Amino acid sequence: MTRYPLIADHGLIGDLQTAALVSTDGSIDWFCAPRFDSPSIFGALLDDAKGGHFRVGPTMDAFTRKQLYFPDTAILVTRYMTEAGVGEVVDFMPVSSSSASDRHRIVRMVRCVRGRMTFAVDLAPRFDYGREPHETELTDDGVVFRGPHHALTVHLVLESDDERLARGEVDGKGDVHAEITLVAGQMRGMVLETGAAGPTRRVRVAEVRSLFDETVTFWKSWLGQSTYTGRWRETLHRSAITLKLMTYAPSGGLVAAPTAGLPEQIGGERNWDYRYTWIRDASFSVYSLLGLGFREEAAAFAGWLRDRVHEQVGSSTGPLNIMYRIDGSSDLTEEVLPHWEGYQGSSPVRIGNGAADQLQLDIYGEAMDSLYFADRRGIQSGHAGWVRVSNLLDWLCENWDQPEEGIWETRGGRESFTYGRLMSWVALDRGLRLAAAHGRPAPLDRWRDQRDAIYRQVMEQGWSPTRQAFRQHYRTDVLDSSLLRATAVGFITPTDPMWTSTLAAMEGELVTDSLVYRYDPAASPDGLRGSEGTFSLCTFAYVDSLARAGQLDKARVIFEKMLTYGNHLGLYSEEIALTGEQVGNFPQAFTHLSLIDAAITLDRQLDAGVPVVAAGRPAST
């Protein structure tokens, strides 16, 4: 299985409707169109032989490769150093409009920087996760791939006297193989266009340079809105761009990750499709992006969230589903792709997500907390929105005291998870605060009584006298790092002895050096085989919690250590394996969101030198 690159050996490009992963050897290994959650066109990341790819790299075997982003943009540069010269491939997607479209472009600028270089081009699309055959038409100006339901056109970037620069052929599978020889100063390339069955056309170099300049302008202008001036500016800005790349502009939804099926354990079965929008992720994005000054994006996420609250289509488990498609629809039927082997043999490969209809009570607290936070920053709801919020909280009053699947989407049965109770408290507390702030009508006594009942129950049943810590659920003494958010939402003060005791217990059971496990699957079975790595979002949540508790030296060391686990571009997956390798879907929104939150909290604590105690998020003050 060594033919698979490391998960971390990829960069991300996108146009705010879909995205592609480009490896350090110049191969587009993952690309779905026209949307993040559409069937793949290139899927070599999940099956090197059958998934399809688009590779551009030197023909010679011996070379050094480097990869970087063009500063303050989502334009990816892959560089090759050989004995004969230096070359590079510059990849980007011109940003689409805010209207949904089937037409998306990937521009691949191929340049020789020094000396001379011959680039090999291997273009092997596999429509519909490799299930749809295609025919290939090679022309002087490019190539067209046509299937029964999908089409792809690749236009060549050429000048009028370039007939001898490139030569190509079509093999028996309908794949195209070509070579391009360039000398120092020459730039040519390809423009891939989805949803187009031809005709091909010759794209001039000047047109591609113009697309490049426009894309640079877009990203620099967007990033210029940031108000963050703290210690980790470059790191947080890269996280912000990454989150923007995972945003579906037509709806404002944020995908949890642009990938599906990347394993939490190499060779294991914990392989999920993350190309959807979780209520939880949308809620966190409001905090993080407002904290950086990106008000428009935060408002879009809050709008997407309000739409789900207004619709309340939900399911038998409640008025809200835990996740939705990026357009807000809720059909996420899970299926397996048996013809794909999975990344390094990690099967099954799943598309869709069977956890969509689970009961996870914490989402109501996350939704209400973010709407409350947005309200305090001037992003407010009208009367119709308040009516829906009231209905949602009335439902929660009747339903919070029941077993659930919990934040981690376990498939081992329902339990009375402490975190779900805690966040139900948050939901009712934020409803009470909103009603008071705006003089809105509400059954305040009922909400208050239920909020206080939850508080008492968590303190009595969520506390383990044996462990001297808050526990995962009421029938166990296992610890759970989701509870690290208790101080951030104002449920308990950071210096309360019950909390400092919980932090100490977590350090002994869930923390390994600077990394944090979400829980111990062996001690608390979750219905799945195998183990998992440490959860990066939990590590950043640990930093946040330590900083709030005044343990600033420890918090900063752990934060700086955690930054060393990012890839060469500053991107993070869901988990870190025992080897230090990134595993799970990549890049993951929740990790980058929690990184931003941790950095903002740590910055403020270091500047102040004392713990900050606030009702709500760190940026709520």
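The values are calculated or read from the model by the stated rules, or taken from the named source; none is laboratory data. Since this is a predicted model, take the numbers as computed values, not measurements. Here the Cβ positions follow ideal geometry from the backbone for every residue, glycine too, while neighbour counts run over all protein chains shown. Accessible surface areas use protein heavy atoms only, side chains included; no ligands, DNA or RNA. Shrake-Rupley method; radii C 1.70, N 1.55, O 1.52, S 1.80 Å.
Annotations
- With a cut-off of 15 Å on the backbone N, the residues of region 206-228 near the modelled label site 7 Å out from PHE70 along Cα-Cβ are 206-223.
- Of all lysines in the structure, those lying under 25 Å Cα to Cα from LYS66, and not within fewer than 8 positions of it along the same chain, are LYS220, LYS244, LYS561.
- Amide proton proximity set for LEU515, modelled H, under 5 Å, gap of 5+: none
- For the chain, the Cβ-based charge dipole about the Cα centre amounts to some 1380 debye (Lys, Arg positive; Asp, Glu negative; other atoms uncharged).
- Annotation for region 16-34 versus region 260-308: alpha-carbon center distance of 19 Å.
- Accessible area expressed per residue, the chain, with surrounding protein chains retained (probe 1.4 Å, Å²): 35 Å²
- Dipole magnitude of region 1-152 about its Cα centre (Cβ charges: Lys, Arg +1; Asp, Glu -1), debye to nearest 20: 300 debye
- Taking all protein chains together, SER346, SER381 sort by accessible area into SER381, SER346, largest first [probe 1.4 Å].
- Alpha carbon centroid spacing (whole Å) that separates region 554-612 from region 202-253: 21 Å
- Over the chain, dividing the summed -39,500 (n - 2.57) contributions of all DSSP H runs of at least 4 residues by the number of residues returns a 222 nm mean residue ellipticity of -10500 deg cm²/dmol.
- Projected label distance in nm at GLN312 and ARG167, using a 7 Å step from Cα toward the beta-carbon: 7.0 nm
- Counting all C-alpha pairs of region 164-304, share separated by more than 27 Å (%): 49 percent
- Nonlocal amide H pairs with GLY318, under 5 Å, H built at 1.01 Å: none
- Assigned charges on the beta-carbon of Lys, Arg, Asp, Glu; region 94-245 dipole about Cα centre (debye): 900 debye
- On the chain, 48 percent of the accessible area sits on carbon and sulfur atoms, based on a 1.4 Å probe.
- In this structure, the amide hydrogen of GLY85, modeled 1.01 Å from its nitrogen in the peptide plane, lies closer than 5 angstrom to those of ARG116, counting only residues at least 5 positions away or on a different chain.
- Per-residue Karplus couplings for region 553-562, computed as 6.51 cos²θ - 1.76 cosθ + 1.60 with θ equal to phi - 60°, are listed in order as 4, 5, 4, 5, 4, 5, 4, 5, 5, 4 Hz, Gly and Pro entered as x.
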